[in-house]
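Beneath this line is the structure, given in structure tokens, with notes to follow.
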Amino acid sequence: PLQFQTVSLADPVETWLDARILYIAGFQDPKFTRNDLAKLRAYINAGGIVFCNADGASPAFTAAMSNYALEATDHKYPLRQLPRNHELFNKGLGTDLPNPPMLQGISNGVRELWIQSTQDVAADWQMRKYTSKHFELGVALHFYASGMTSPRSNLDPLSVTLSPIAPTRT
């Protein structure tokens, strides 16, 4: 039931919405343009979560992505260290991470919009180290982003239909 797709910055942001998490990994600054940041902002505003992994624990990539995270969220919310009691690390998501990896995130107060790891957690994913705490993090990210619901069928439309009922207040 799970799948992934590779997207390009040249692709329309609508094609990115097939995934609830946009995974960005790198070793150096990807040098995003204003147009790239606008696409990242649109993806986040449509409900997506950006997850960044610093390959080789690269400080240059982490610094660049920290700046892009703030720009993509219009500097409305601070980038902070995720606390050890964050929902992402709780048993309700099927994980038991007593010593979770250090993650940074930007939240709008309802959900995380951007999560980044300063460590190379994806190295354990690629090597299939199933007993690693980093491997459990991947599971927790999926469940956090999906709200523990089933993945959307590729045949379901991406658009949300407008309600015929007029709002009583905004």
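For S117, all conditions in the list (1) among the small types (G, A, S); (2) within 24 Å of S8 (Cβ to Cβ); (3) within 13 Å of the chain's Cα centre (by Cα); (4) surrounded by fewer than 20 Cβ atoms within 10 Å (Cβ to Cβ) hold save one; what is the number of the exception?
(4)
Of all residues in the stretch 102-148, which are in contact with an Asp or Glu (Cβ under 7 Å, 6 or more places away or on another chain) and charged (D, E, K, R)?
Scanning the stretch 102-148 gives a single hit, D120.
Do you know which of the residues in the stretch 1-28 that are more than 18 Å from A122 (Cα to Cα) and among the charged types (D, E, K, R) is farthest from the chain's Cα centre (by Cα)?
Once the filter is applied, the top-ranked residue is D11.
Out of curiosity, is A69 part of a helix (DSSP H, G or I), of a type in the set (A, V, I, L, M) and surrounded by 13 or more Cβ atoms within 10 Å (Cβ to Cβ)?
Details: part of a helix (DSSP H, G or I): yes; of a type in the set (A, V, I, L, M): yes; surrounded by 13 or more Cβ atoms within 10 Å (Cβ to Cβ): yes.
Yes; evaluated as a whole, the condition is true for this residue.
From the list F51, F32, which one is assigned to a loop (DSSP other than H, G, I, E, B), crowded, with 19+ Cβ neighbours inside 10 Å, modelled with pLDDT of 85 or more and in contact with a helix residue (DSSP H, G or I) (Cβ under 7 Å, 6 or more places away or on another chain)? Write out each step before concluding.
Working: F51 fails: assigned to a loop (DSSP other than H, G, I, E, B).
Criteria check complete, one pass: F32.
Could you list, in sequence order, all residues of the stretch 106-139 that are basic (K, R) and under 26 Å from Y68 (Cβ atoms)?
Taking the stretch 106-139 first, the residues basic (K, R) are 111, 128-129, 133.
Result: R111, single match.
Which residue, of S159, S146, S153, S163, is among the polar types (S, T, N, Q), modelled with pLDDT under 75 and open to solvent by less than 60 Å² (accessible area, probe 1.4 Å)?
Numbers: S159 fails: open to solvent by less than 60 Å² (accessible area, probe 1.4 Å); S146 fails: modelled with pLDDT under 75; S163 fails: open to solvent by less than 60 Å² (accessible area, probe 1.4 Å).
After ruling out the rest, the residue left standing is S153.
Taking the options H75, H86, name whichever one is open to solvent by less than 50 Å² (accessible area, probe 1.4 Å) and out of contact with any Lys or Arg (no Cβ under 8 Å at 6 or more places or on another chain).
Values: H75 fails: open to solvent by less than 50 Å² (accessible area, probe 1.4 Å).
None of the other options fit; the residue is H86.
Where residues in the stretch 6-22 are touching a helix residue (DSSP H, G or I) at 6+ places or on another chain (Cβ under 8 Å) and open to solvent by 60 Å² or more (accessible area, probe 1.4 Å), which of them is nearest to P59 (Cα to Cα)? Walk me through how you get there before you give the answer.
Taking the stretch 6-22 and keeping what is touching a helix residue (DSSP H, G or I) at 6+ places or on another chain (Cβ under 8 Å), we get 7, 9, 13, 16-17, 20-22.
In the following step, the residues that additionally are open to solvent by 60 Å² or more (accessible area, probe 1.4 Å) were identified as 9, 20.
Details: L9: 23, R20: 26 Å.
Per the criteria, the residue is L9.
The values are calculated or read from the model by the stated rules, or taken from the named source; none is laboratory data. Since this is a predicted model, take the numbers as computed values, not measurements. Quick reminder, even Gly has a Cβ in these numbers, built from the backbone with ideal geometry, and neighbours come from all protein chains shown. Accessible surface is based on the protein model in full, side chains and every heavy atom, while ligands, DNA and RNA are left aside. Shrake-Rupley method; radii C 1.70, N 1.55, O 1.52, S 1.80 Å.
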